Amino acid sequence: MKQGHVLLLFAGRLKKKAHFFGYNSTVWKISVAVYLLCYAGTVQAGVIPADSMRYVDQLNRQAILFQQKELDSAFHYATQAREIATRLDYTKGKADAWHVLGNYYGLNTNNYLCIRYYIDALQAYKKLNDSSGIGQLYARISAYYQQSGQHPSAVHYVNKAMDIGRRLRSDSMYAIILSQYADVNMEDASKQDSVQWALATARPVFNRYHDKPALFQLELLNTRRLLLEKDTAAAREKLRTLLTTASADGYHYPAMNTARLMAATSAGMQQADSIQYLAQMIASSVKGGYRSLMLPYAIQLYDWYTKQGKPDTAAYYSGVLLDILQKRTAVKSEGEMDYISFYTQQHDIHSLKLKRAIQEKILGKQQLEGRIRLFLVGFLSILLVLATLTGIYFFRAFRKTKKNAILLASKNREINEKNILLREHDDFKNKLVSVVAHDFRSPLSNIINIAVFLKEEVLMPEEANEWMMEVERTAGYTLQIFDNIQAWISSQSSGFVYTPEPCTPADMIPEVLQYLEKMISNKQLQIVVDTGSTAVWANREMLQFVHRNLIHNAIKFSPEKGVIHITAQTDHDNMTLSIADNGPGIQEDILPHLFEYSNKKENSGGHEGAGLALIICRDFIDKMNGQLKAGNLPEGGAIFSYSMPLAKSNQLQ
């Protein structure tokens, strides 16, 4: 039954590929071969119980193998492995799955989810003291920063990976780290000897394990060395051989990168040669599911064929552009919702563990009471022999009454504890559902409408770029809402621990202003800051969250060329920080309900409350033993202020 289910799954995937490429195309034939290989690996894994740790490890190995061939299959295996590992509470399986998912979102240009999953995997590896996993993660994070253009961070993490790699027993893992070390330091003239040593050390290891993807990566690195040495002819010859081999073996990711280098080295020659390799690069990316990386190259090819008067070919690349936009939007939306779902599930698991702990405590208490009762029964049995019949009667009546009272009190306590816990979880769940339904509907609808318009219209590159920027802004707003919800979920969980420290608003406010500099300059606002150097006793991240949201609101509602005043005053053991603008102010009928979240008017007497950010700000201030207030200024404009306890001298030390 299991193998039949897998066969139907892959038959459906093959049908989709055939419909997209055509049943007689070369791409279709290659897809058949790849999916048959995928099916063979799945059937082989089928002999392992589907709910076992070995099965999770097998799925993660399949996901790693398909990263260089077909990205969507790697995502399928990693997602399945994560679900089973979560159900089994298998930390190593979850860490490996998160590692692959981080690679997946990195190759789909979703840097936010990429680094999120990398951090989750790194924390799990550290919890397991898995040096091999930690070393690989540091190398992957180094590659992430290298691709993002942050070379100092890339060097920092690859050096941490090298420190761990030297202590690893597995030479294959060390070889992977050496390859990344060479990649990061390739253009550093002072480290050419160490780069050459790293490549020479890694090659025999990859040959011994027949690791083709790693060998392709080494060849690309050697080709880059030749290009740096200005030996372009030898480099191009190596690239041609590598491109042929990678394409023939079905390794689409190395083939795509090789074609990109060939196009780059052809830039100084005839433009037609460069265009030929760009087209081959996009073809490899489509076969392997790496389309999100190809946006600028697809635009370049669309412009080229439009200028050459080839509308059919230009239309094909216009379709590729639309497919890339749809893929990016789908990956962002589905990935973010999946992340929310995962952490909501973690919250539910934590709640179940808490219930179990309470039940075990109650059971232990009942067992202790049972042992005490047995002891009393034995002791009273001796007394019963010596006591009179009247004494026996009264004693038994007393014992029965006491027993019933203890049982009744115990049951009442148990019922009260369960009722309190259920009310808390039900209230939080209802509030979370209401927040998600209200705050996610509008931006997600906007993204869908833009995607539909892009699908139905044939646009010039400039117009398409403008719509793409609108999609990015809308997705960024959705992501900001997601971060607020995640912060709120963490603050409401029963495992939340408040860790205060001395915080100086005078040092924190400039960071927020720098973060919002673009909005300030666009509206030509004047920011007047007078906060002194007083320190308060608070949690820095929570307090900075409040600063960001209050200042963002002030900027949002201020008129152009307006003035925002940020001031602080101390009074005995408290400091009050105020943020005032000269905007329209807060409506008087909304002000009493400002910190109440509701999307139904009947819940607030006909008035709508604040957004989620202000509710979280109030919760954070309450947890830090402070007080958040809002009001209107007599001369016009709104003012938000919070009061926090000052940091004492011993706390500062």
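Tabulated data for the structure shown
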{"read-out": "Long-range HN-HN contacts of MET186 with modeled amide H, under 5 Å", "value": "none"}
{"read-out": "Solvent-accessible surface (1.4 angstrom probe) belonging to ARG540, in square angstrom, nearest 10", "value": "80 Å²"}
{"read-out": "Set LYS69/LYS327; LYS127/LYS648; LYS127/LYS287; LYS94/LYS418 screened for pairs whose C-alpha atoms are more than 27 Å apart", "value": "LYS127/LYS648; LYS127/LYS287; LYS94/LYS418"}
{"read-out": "Cross-link partners of LYS402 among aspartates and glutamates (Cα-Cα below 20 Å; sequence separation of 8 or more within a chain)", "value": "GLU369, GLU414"}
{"read-out": "Probe 1.4 Å, all protein chains present, accessible-area order of SER285, SER521, largest first", "value": "SER521, SER285"}
{"read-out": "Karplus-derived 3J(HN,Hα), 6.51/-1.76/1.60, for each residue of the range 273-278, Hz, glycine and proline x", "value": "5, 4, 5, 4, 6, 5"}
{"read-out": "Whole-Hz couplings from phi, Karplus 6.51/-1.76/1.60, listed for the range 131-139; x for Gly and Pro", "value": "4, 4, x, 5, x, 4, 5, 4, 5"}
{"read-out": "Largest-first ordering by accessible area, 1.4 Å probe, given options ARG167, ARG423", "value": "ARG167, ARG423"}
{"read-out": "Exposure rank, largest accessible area first [TRP98, TRP197; 1.4 Å]", "value": "TRP197, TRP98"}
{"read-out": "Counted charge near TYR174, where neighbours are those whose Cβ lies closer than 11 Å (Asp, Glu -1; Lys, Arg +1)", "value": "+2"}
{"read-out": "Gap separating the Cα centres of the range 162-209 and the range 545-571, nearest whole Å", "value": "51 Å"}
{"read-out": "Net charge over other residues, Cβ less than 13 angstrom from the Cβ of LEU242 (K, R count +1; D, E count -1)", "value": "+3"}
{"read-out": "Under Karplus coefficients 6.51, -1.76 and 1.60, residue-wise ³J(HN,Hα) of the range 520-528 in Hz, glycine/proline x", "value": "5, 5, 4, 9, 6, 8, 10, 9, 10"}
{"read-out": "Surface share of carbon and sulfur [accessible, 1.4 angstrom probe, percent] for the range 155-267", "value": "52 percent"}
{"read-out": "Paired Rg and Dmax values of the range 86-172, which use every Cα atom, in angstrom", "value": "12.8, 39"}
{"read-out": "Probe 1.4 Å - accessible area at GLU560, Å² to nearest ten", "value": "140 Å²"}
{"read-out": "Accessible area (Å², 1.4 Å probe, nearest 10) - HIS565", "value": "90 Å²"}
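The values are calculated or read from the model by the stated rules, or taken from the named source; none is laboratory data. From a predicted model like this one, the values you see are computed outputs, not experimental measurements. Please note: Cβ atoms are built from the backbone with ideal geometry, for glycine as well, and neighbour counts cover all protein chains shown. Quick note on the areas: whole protein, heavy atoms, side chains included, nothing else; ligands and nucleic acids left out. Shrake-Rupley method; radii C 1.70, N 1.55, O 1.52, S 1.80 Å.
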